[in-house]
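The values are calculated or read from the model by the stated rules, or taken from the named source; none is laboratory data. Please read these numbers as outputs of a predicted model, since none were measured by experiment. Note that we place each Cβ from the backbone using ideal geometry, even for glycine, and neighbour counts take in every protein chain shown.
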Amino acid sequence: MTATSVATDAAAWHDVECGSYTADFDLWHELARQRGGPVLDIGCGTGRVALELAAAGHEVVGLDADQPLVTALNVRAARAGVPASALRADARGFTLKRRFPLAIVPMQVAQLLGGPAGRTAMLATIASQLEPGGLIALALADPFDAVEPGDARPPLPDVLEIDGWVLSSTPVAVHDEADAVAIDRIRQAVSPTGDLTEELATVTLDNCPPATLEDEGRAAGMTVLPARHVPPTADYVGSTVVMLEAPR
């Protein structure tokens, strides 16, 4: 594997930046036990949540817009022998041949859809795939409640070693962009022989307070249930999980 290929390996960088996060697992396990399966995992990535739930015996169907992430999840599920699978699809428009009692949207995926129009399309699409009374649980970041974006202090780098390669992703800047917040990261890939590749990656999160998403859920004909909360950790901000129930 060359340094250039590592630097552009979406699955590897997803593992570096998201794979170690576990603070929300208890909530997803609780909801899966309460609601039953199959569970629809929107923005499943390489399977951080899907593989965790599947290892506990829940069937999980994951969707992600990035094919390398979908491929990684399917390979890992097959190797582990767990009931998880993934398909490439856009959360704002997809059709499946089955219905789900529970859909989860972890790790701020709902804030990556380009604003209100994207969230509205997502909610309508997911609602069309739910069983009567089915639940959508959507995590929203709480990163800037008490800190101005320009004053935020980035956490330590996320680091992962893969086959002798050392991948490091360091948040270096947070920019206020009116209706969104952009987070810059420096990604570095160091080969087993010491070759270094570096690039700047930017993630833009829509500014979407929980009350706004709840209003959008009501407009889509859903019932708002009490929100849940995932506390912050030393490395990750906390989340508010908006809970929307489909008509029965």
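Observations on the model:
- Arg88 vs. criteria assigned by TED's automatic domain parsing to the domain that holds Leu123, of a type in the set (Lys, Arg), out of contact with any strand residue (DSSP E or B) (no Cβ under 7 Å at 6 or more places or on another chain) and modelled with pLDDT of 95 or more: no
- Among the residues making up the range 237-248, those that are of a type in the set (A, V, I, L, M, F, W, C) and either in a strand (DSSP E or B) or over 22 Å from Ser128 (Cα atoms) (or both) are Val237, Val241, Val242, Met243, Leu244.
- Strands (runs of 3 or more DSSP E) wholly inside the range 1-89 containing at least 1 residues that are among the small types (Gly, Ala, Ser) and in contact (Cβ under 8 Å) with a residue 24 or more places away in the chain: 60-64, 84-88
- Residues of the range 90-111 that turn out to be buried (at least 16 other Cβ atoms within 10 Å of the Cβ) and touching a residue at least 40 places away in the same chain (Cβ under 8 Å), as a count: 13
- The numbered conditions (1) surrounded by 15 or more Cβ atoms within 10 Å (Cβ to Cβ); (2) assigned to a strand (DSSP E or B); (3) modelled with pLDDT of 95 or more are all true for Arg119 except (2).
- Elements of type strands (runs of 3 or more DSSP E) in the range 160-236, at least 1 residues being touching a Lys or Arg at 6+ places or on another chain (Cβ under 8 Å) and exposed (fewer than 15 other Cβ atoms within 10 Å of the Cβ): 165-176, 196-206
- Total residues in the range 10-55 satisfying the condition of being modelled with pLDDT under 95 and among the polar types (S, T, N, Q): the figure is 2.
- Flag: Gly238 matches the condition of being of a type outside the set (Val, Ile, Thr), in contact with a strand residue (DSSP E or B) (Cβ under 7 Å, 6 or more places away or on another chain) and under 20 Å from Thr22 (Cα atoms).
- Any hit, the range 23-43, residues being surrounded by 19 or more Cβ atoms within 10 Å (Cβ to Cβ), under 19 Å from Ser169 (Cβ atoms) and of a type in the set (Val, Ile, Thr): no
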